[in-house]
Amino acid sequence: MSKGMLAQKLGMTRVFDENGKQVPVTVLSCGPCYVAAVKTADKDGYSAVQIAFGETREKLLSKAELNHLKKSGLGAFKHLKEYREFSGEVQPGQQLSVSIFQAGEIVKVVGQSKGKGFQGVVKRHGFGGGRMTHGSKFHRAPGSMGPGTDPGKVIKGKKLPGQTGAKQITVRNLKIVGIDEANQLLFVNGAVPGPRKSVLSIEVLK
């Protein structure tokens, strides 16, 4: 059985453990999250809980999306996420608290990395480039494209310039350092993907 919630990344800070050691943490705002739907094996073929996060205006959602949420007595929400084999009994429309997590649990965090636009091979792949001296005609270019006569084409997978970042990143084995139930905050050891205010998925590893 697993459990999880959607959260918003607030930023990084530090806390001190019982031995006075400094621990870098990411602060995540987990509330409010609501149960949008409960999937069962008998009715849907699998067991899962759908979580709604991020209230928004009704006109930004389609009628199908609004009616789906209204079945659970909810308004308009931006983000929906299903968690398979959710631990604990929950009901549609129920508000979830950060208290479902416990300090010391190991979680995985899924988010979208920072988008950096179209970049060259030096920034995108870490190429060294050529000399910056006078007379050099090779500075930050990708260099040779590949074989000439056979097969006479650029081989698939060649590291070239292109879109950098803005990809789904999963970071596993992060430890929950602390929980602030009053403010619905979660303190996770280490860094997580994405910029500030980005939406992340937090799931406890089995």
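The values are calculated or read from the model by the stated rules, or taken from the named source; none is laboratory data. Worth saying up front: this structure is predicted, and the values here are computed from it rather than measured. Backbone-built Cβ (ideal geometry, glycine too); neighbour counts: all protein chains shown.
Quick check, is V98 of a type in the set (V, I, T), at pLDDT below 95 and touching a strand residue (DSSP E or B) at 6+ places or on another chain (Cβ under 6 Å)? The answer is yes for V98. Mind checking whether some residue in segment 64-71 is without any contact (Cβ under 8 Å) to a residue 60 or more places away in the chain, farther than 23 Å from L205 by Cα and exposed (fewer than 11 other Cβ atoms within 10 Å of the Cβ)? Yes, because at least one residue in segment 64-71 is without any contact (Cβ under 8 Å) to a residue 60 or more places away in the chain, farther than 23 Å from L205 by Cα and exposed (fewer than 11 other Cβ atoms within 10 Å of the Cβ). For segment 86-106, a tally of residues being touching a Lys or Arg at 6+ places or on another chain (Cβ under 8 Å) and surrounded by 12 or more Cβ atoms within 10 Å (Cβ to Cβ) returns 7. Consider segment 166-184 and keep the residues that are under 22 Å from V27 (Cβ atoms) and small (G, A, S). The one that is surrounded by the fewest Cβ atoms within 10 Å (Cβ to Cβ) is A182. When every residue of segment 37-45 is checked against the conditions, none turns out to be within 23 Å of Q112 (Cβ to Cβ), assigned to a strand (DSSP E or B) and either touching a residue at least 24 places away in the same chain (Cβ under 8 Å) or not assigned by TED's automatic domain parsing to the domain that holds L186 (or both). Only one entry in V154, V122, V171, V199 is over 28 Å from F16 (Cβ atoms), aliphatic (A, V, I, L, M) and in contact (Cβ under 8 Å) with a residue 40 or more places away in the chain, namely V199. Pick from segment 17-36 the residues that are out of contact with any helix residue (DSSP H, G or I) (no Cβ under 9 Å at 6 or more places or on another chain) and assigned to a loop (DSSP other than H, G, I, E, B): which of them is nearest to V110 (Cα to Cα)? Looking at the filtered set, the residue picked out is P32.
For G120, the conditions (1) of a type outside the set (S, T, N, Q); (2) modelled with pLDDT under 95; (3) more than 29 Å from T26 (Cβ to Cβ) all hold with the exception of (2). Against the conditions (1) out of contact with any strand residue (DSSP E or B) (no Cβ under 8 Å at 6 or more places or on another chain); (2) at positive phi; (3) not charged (D, E, K, R), G117 satisfies every one except (1).
Reported count of residues in segment 18-36, each being touching a residue at least 40 places away in the same chain (Cβ under 8 Å) and either of a type in the set (D, E, K, R) or more than 21 Å from Q95 (Cα to Cα) (or both), is 4.
Among the numbered conditions (1) farther than 17 Å from Q112 by Cα; (2) surrounded by fewer than 13 Cβ atoms within 10 Å (Cβ to Cβ); (3) touching a residue at least 40 places away in the same chain (Cβ under 8 Å), the only one that P161 does not meet is (2).
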